[in-house]
Structure formats: structure tokens, C-alpha cells
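Take a look at the structure below.
The values are calculated or read from the model by the stated rules, or taken from the named source; none is laboratory data. Here the structure is a predicted model, which means the values were calculated and not measured. Here Cβ is always computed from backbone atoms with ideal geometry, including for glycine, and neighbour counts include all displayed protein chains. These area figures cover heavy atoms from the full protein model, side chains too; ligands, DNA and RNA do not enter into them. Shrake-Rupley method; radii C 1.70, N 1.55, O 1.52, S 1.80 Å.
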Amino acid sequence: MAASKMLIPSLTKFRPLTCAAAAFYPTRLVPHPPDLVKWVKREGGFVHEAVKIAQDTTLSLGLVASGEIPKGSDLIVLPDHAPLKFQSDEQNGADSVLLHLSHQVPDLNLSDSGVALWVFLNWVTDHSKSLSLYERAQLLCLSSNRVLNWTLWEHVTEELWAMKLGLKLLQERAKVGSFWWPYISNLPETYSVPIFFTGEDIKNLQYAPLLYQVNKRCRFLLEFEQEVKNALKDLKLSEHPFGGQDVDASSLGWAMSAVSSRAFRLYGKKLPDGSRSDIPMMLPLIDMCNHSFNPNAQIVQEQDVGNSKMLIKVVAEKDIKQNDPLLLHYGCLSNDFFLLDYGFVMPSNPYDYIELKYDGALMDAASMAAGVSSPNFSAPAPWQRQVLSQLKLDGEASNLKVIIGGPELVEGRLLSALRVILSNDMELVQRYDLNVLKSLSAEAPLGFANEVAVFRTIIALCVIALGHFPTKIMDDESQMEQGVPVSTELAIQFRIQKKSVIIDVMRDLTKRVKLLSSKETTTA
């Protein structure tokens, strides 16, 4: 996406809402921003004397310990007024316009292109009977530039909450004398999320579900740009939420990316029933803690004694050594979310996975390639169809997205479906609870031969999935060694990890097949 081109009457009156192109080491919004640690302390917060801002190994800024910090120590404490939140009860004209704009942020429902592709996939399933099983499987695996088959993510309908808070962030960025300027000026000038990738690097991701999400966000930003321009047209300067400045898709993308990569969902206002609302907020200084699946710190909220306001703290979960980075756990997320929302890829991510569409033709092709005799995924028996319906893999309320990888290795619904379809023993299947059939730890519930056939079919599915990546891991690593721009590097890292997930699943299941085969031989 091109950088913003703003018409700025005077740099002494307005803060420009520009957004630079992606860079390997993104600079701050201003060359020499205010000291954020001093600002937090000045506002009544607390920062441990050993907590320092420093450059980490990725050349980005983070928090590190300049000395040893004992477990249980408060690292950072923010007063209630320090977090940047979107307040919906403002009264002045500019904030009323901002509130109106926030209401224009739509739910991410299916776009016309998404609907068209979904219809196409169903057409292939229902009407291409003249094609061979393998040809149908190939068609179902194709979507964009020969990447993996298209599936619609469940979070497609999730509200673009980051854009609402992003509007508030843009307003404060434009405002001279903003209370949050010492914080905002320390934010990166750009973000390494895919919406700012070049078209070639978006293609380099090679994974349809993520390509779909990137396309959705880019389309939203372009459409929302028009909504914003229409809302700001002919406004008085006193009512203009951005100080009279133009706002385009690039600056909106910067704001949305800043929020999605840095905001936390924490307790907000107290509700009449005594509970508290869940509200996204940007936490100055705290949001410079990087992510780890093995964190050494955590965020807690505490009620200030004698005060209804909440203090937000970061507390050491373990003893922290000198020069250790301060690390928080962002969540058990796949690399799709880490790249899309945070702009990085986690190597060896235990929560990463591959999405596939459960389709009879694809499953038949995989089982035939695995040497499994008489596959009948396309025409299951009535009792098998009943089980598929319970698994939501058949019928009107079906959810055909299944995943391979992640903590389960193979999603339980897929594993159960394969076990049932590859079994001809209805009575044996009906002896087991569905939860047992969905469990990988339940060793061969329907017999050794059935389990081996199931694992071989999944391995064949992996081969089909891996074959639809245009490049091999060896090619990707060779390209990385040549030196590439940051967006290209992230795209390559992402697809390497996706291929690694597939290969790891294949290796694990191959070992299980060998073990089961040896047990079957011993039993015989």
C-alpha cells in the first residue's frame, strides 16, 4: 500500500498522519521521542529501576532487565488514566464525529469474491461428477496461485475492533498537545504486517486462508477510507477529529496495525451487575514487552485501595536475570494470527496448523493414494453419514474446515471421520463414545488395520497439501540466504513454517504407522 500523501497546512499546527513503507528497522514517529519511562513515572506510574528500553535481536525495541529482578516484583504499574482507550461517551463535536465513524466499522462478512469462491468450491463438489477423483481433489485444493485449498476462517465475522481504537489513536496523533503524545511518538513509523506487503510478497505467502484475510483487510481499508472522507467532508475545523487533515487507507492501516499489534483486552468500566466490560486498550511502555510461549512476566489488574479505578501492572513470574528481555504471553495463536496482527512469525510454533476442507473427493483421492482399498468418503453409508452429521462434517449446519497440526496433531473431528468411514463394522463403531473416536491418544479403537489406514490417508493428505506449495523448503532457505527485504523474509518464514507443520505431522504419523504395524505383526 502506498505511503500517505497528506495536505498539511502547517507542521507547527498539525502532526502529519503519514505512514512509511515497510523497513527492516522501523524508526519511531519522531527522530528523538520523549523518554517514555520518565513520562510513566511523571504520571504517577511505577517502573522498576532495572527495567530499560533496548534494542533486541530482531532490531526492534523491547524491554530488558539491566539487573536481576526477583520473582513477584512489580515491573511496571500504570495508573488508570495512562492507557489509551476509545471512550464512547464524549460530548464535543470532534469526538461525536469520531464516534459516528466508529459505528461505520463493519463486521467482516463474506465479500462478493469470498462468496463466489465458496460457491465455486461447492459446485466442484456437487456438479463435477464427470471428473476423476484425483482431478476433483486437485480442483478443491486450488484457490489462488496453486496454494492450499480455500477455507473460510471462523473469525471472518469478528468485528474489526482494532480500527475503532485506531481512530482514537489517529485523533491523538494529529492533536498538538495530546496527553498521549510522549507514548505515540515512540510508536513505529510502520508495521511489518501483510497489509503493507508488496503484491509479490503477498503472493509469496503461498497460503490461501491468510491471503484471504489480507485481501479482506485491504479491501476494508480502501472502502473505509471513502466512509471517512465522506464523514469529514465540509466539517468545521472545530468539529474535525483529525485537525483538518485528510485520512487515507494507509494512515488507517497504520492505526489499525498499531492497535492490533499492541493493544490488550482488559477489564473496563463496571457494569450494573457488578461485572466489568472487556475493553481493548493501549498500554504505554507495557506494550514494548515482546512475546514468548515461556514468558517471565504477566499483566494483572488490581483495584486501587480506596479508589474504584484499576491499576494495570506487569509482574515478574519468575526470577529475571540481567540482560533478559521482559516477555509476555500474547496467546496460543497460530502463525496466521501472529503475522496478520503482530507482524512476526514464531519458529517451531506448537500452535501452528494447516487448514483443509473436508471433502469426500479429496478424502477418496488421499485414501486411494495411500493404498487404502475401497474408499467411500464420497458415498458414506447412512450410519456413517449420521456420525458425520454429529461431527458437523455433513448436513446443513456443517463446518467443513478441519486442521492438521497444532497441539492435537490431527483435529479430532477429522480423525473420527476417517476412523468411521474406513470402518465397515457399524456395531464396533457404535460401541465407542464419539469423544474416544476423536482422540489420538485412544490407540486403535477400531483395530490396528483401521488405524494404519487412517494414518496413511492423513499422510497422503499432507503430501497433497505440501505439493500445492510452489516452492520447497530448500528453495525458500536458499532465497533467504541471498538477502531479501523484510516483507519477503517474513513471507518466506511464514510458508517455511507451514510446510514444516505438514512435514512434522507426516513424520509423527509415519512413526505411529510403523509402531502399529509391528504391534499388529506381534499380535498375529
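Assign unit charges at the C-beta atoms only (+1 for Lys and Arg, -1 for Asp and Glu), then state the dipole size of region 351-490 relative to its Cα centre in Debye, rounded to the nearest 20. Before the final figure, lay out the partial values.
On the way: 10 positive and 18 negative charges, 107 e Å.
About 520 debye.
Over all directions, what mean area does the Cα convex hull of region 436-524 project, stated in square nanometres? It would help to have the intermediate numbers written out before the result.
On the way: hull surface 28.8 nm².
For the Cα atoms of region 436-524, the hull's average projected area reads 7.2 nm².
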Item to check | Part-to-part distance (alpha-carbon centres) for region 25-48 and region 434-482, which is given in Å | outcome: 48 Å
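At a 1.4 Å probe radius, which order do CYS332, CYS218, CYS462 fall into by accessible area, largest first?
On the way: CYS332 80, CYS218 25, CYS462 0 Å².
Ranked list, largest accessible area first: CYS332, CYS218, CYS462.
So what's the net charge close to LEU36: Lys and Arg +1, Asp and Glu -1, counting the other residues with Cβ under 14 Å from its Cβ?
+3
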Next on the checklist: Check which residues have an amide H placed less than 5 Å from SER73's amide H, if you skip close sequence neighbours.
Outcome noted: ALA316
Checklist entry - Along region 314-325, what does the Karplus equation 6.51 cos²θ - 1.76 cosθ + 1.60 (θ = phi - 60°) give for ³J(HN,Hα), rounded to whole Hz, x for Gly and Pro? => result 10, 10, 5, 7, 8, 4, 10, 8, 4, 6, 6, x
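Only sites in a loop by DSSP and with at most 16 other Cβ atoms within 10 Å count here; which trypsin sites (Lys or Arg not before Pro) in region 423-524 make the cut? All intermediate terms of the calculation are to be shown ahead of the outcome.
Values: sites: ARG431, LYS438, ARG456, LYS472, ARG495, LYS498, LYS499, ARG507, LYS511, ARG512, LYS514, LYS519; in loops: ARG431, LYS438, LYS472.
Sparse-neighbourhood loop trypsin sites (Lys or Arg not before Pro): ARG431, LYS472.
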Item to check | Gyration tensor (alpha-carbon) shape descriptor, region 290-398, a/c threshold 1.5 | outcome: prolate
Next on the checklist: At 1.4 Å probe size, put ILE464, ILE458 in order of accessible surface, largest to smallest.
Outcome noted: ILE464, ILE458
Next on the checklist: Quick check: from the Cα gyration tensor, does region 43-86 come out rounded (a/c under 1.5), prolate or oblate?
Outcome noted: oblate
Checklist entry - In whole Å, how far is the Cα centre of region 202-235 from that of region 297-372? => result 25 Å
Checklist outcome for this item: As a percent rounded to 5, the proportion of antiparallel DSSP bridges among beta bridges in region 266-424 is 90 percent
Checklist outcome for this item: Checked region 383-448 against the a/c 1.5 cut and the a/b vs b/c comparison, axes a ≥ b ≥ c from its Cα gyration tensor; verdict oblate
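Working with all protein chains in place, sort MET368, MET310, MET426, MET363 by solvent-accessible area computed with a 1.4 Å probe, largest first.
Values: MET368 105, MET310 20, MET426 80, MET363 0 Å².
In descending accessible area the options line up as MET368, MET426, MET310, MET363.
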